Amino acid sequence: MSAGPRTILHADMDAFYAAIEQRDRPELRGRPVIVGGAGPRQVVSTCSYEARKFGVHSAMPGVLAKRLCPQGVFVTPRMEHYAAVSAEVRAVFERFTDLVEPLSLDEAFLDVTGSRALFGDGATIARAVKQQVRAATQLTVSVGVATSKYVAKVASDLRKPDGLVVVPPGEEVAFLAPLPVSRLWGVGPVTQRQLERAGLRTIGDVQALSLEQLVDAFGQNLGEHLWVLANGHDARGVEPEHETKSIGHEMTFATDLAAAEQVRAVLLQLAEMVGRRLRQHGLRAGVVRLKLRHPDFTTLTRQRKVAPTADDLVLYRTACELLEGCWPGRPGVRLLGVTGAGLVAGEAPVQGGLFAPAPHKRDRLLAAMDAIRDRHGEGAVRHGGERARTNPWGPDG
């Protein structure tokens, strides 16, 4: 174990999905790109910095984004492609440390304490990470360097895009002091108003109070939380191992689905997405779960145990059987989801059915399909039973 304070990096890709679209489509560069839909039920996944100047931000309803930025270019998300680029970025991180904790496709914590003897101090490692991510992906990443996860995350957000902010050991309190209380994790609009009513507008205002004063004013839980973060005390470690409990995808539709063939077409696409991710992770699912939501927001969940599988068609057929058991064709379908749970390692033995194709033959076929998709895109090859193409908000056309 290296002596001295920890060195934690928080790496956050800049407008990740939108940046990938601008990289892949040169005609979009410099334009306000909005990844998501403009319909009443669609939301913004992310947007380029050009779109952010108009007030567009992630999780915003698409109709509002269109109103704020009528010249915006709305792009359908390509989640499988973004995941593949994320894997390239992750591979760069792992050149420097095996202590990588992904938070999402576009951000992660890295504990490089034990890497300093080999690669240099935190700032040197951060610069190398930025350079190598750009070389591998032609994308930029903002990095914060600090002695804790919380301070590193705050730092990474201050000079985006393409930022690098280093908070040396011992300077955490001074770094945090001028920032607004909204920078404290867990302080949303309601808590922010509560703090401001008490005269606390900056983190420095919070630092000026003792732990006892904060507990008296805001209760044990919130008071302790505010004191710990305001003073830069975050002892949590970077946790690289998160056991995956399930892999799933779901879609909310711009228009309710009413036809059974439309619903089944979407189920097939969802099953393909889940199966592909299971195979990428070397996993099989022993449980298939269906999620269905009606227009009145009534939500049904059904599941069934299966022999552990990563086969798209097994997932699809099971989902269809679950659908038949809970949906008679009405009312309409607002949302569909397919999830594989009860995960086991992919090399676990699988008992095939008496008349089913040999598991190894199916595995070879699926591997060949994956290879074609890797090279030519997700739509290059599809299962023969599919009668319609879909996008993230429902059937095309």
Handout entry: Exposure proxy ranking, count of Cβ atoms within 10 Å, fewest first, for His81, His249, His10
Key = His81, His249, His10
Practice task
Post the alpha-carbon centroid distance, segment 131-163 to segment 95-125, in whole angstrom.
Solution key: 11 Å
Problem - Net length gained if the chain between Gln138 and Thr76 were fully extended (0.36 nm per residue, minus Cα distance) - result: 20.2 nm
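When a/c reaches 1.5 or more, the comparison of a/b and b/c decides; with that in mind, is segment 60-183 rounded, prolate or oblate per its Cα gyration tensor? Mind showing how you got there, number by number?
Working: a/c = 2.46, a/b = 1.34, b/c = 1.84.
Oblate, since a/c reaches 1.5 and b/c is not below a/b.
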Completion exercise
Taking every alpha carbon pair in segment 110-210 and sorting the distances into 5 angstrom bins from 0 up to the bin holding the longest one, the percent per bin comes out as 2, 12, 19, 20, 16, 12, 9, 6, 3, 1
Exercise for the section: Grab the beta carbon distance between Arg197 and Ala59, set R0 = 25 Å, and tell me the FRET efficiency rounded to 0.05. Expected result: 0.40
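Please work out how much length the chain gains when fully extended from Asp98 to Leu179, using 0.36 nm per residue of separation minus the C-alpha to C-alpha distance, in nm with one decimal.
On the way: separation 81, 0.36 × 81 = 29.16 nm, distance 3.20 nm.
Taking Asp98 through Leu179 to full extension adds about 26.0 nm, to one decimal.
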Handout entry: Spread of Cα-to-Cα distances over 10 Å intervals beginning at zero, given as percent, for segment 53-109
Key = 20, 33, 28, 17, 3
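Laboratory data are not the source of any read-out in this text; all were calculated from the coordinates shown. What you see is a predicted model; the values in this text were computed from it and never measured. Quick reminder, even Gly has a Cβ in these numbers, built from the backbone with ideal geometry, and neighbours come from all protein chains shown.
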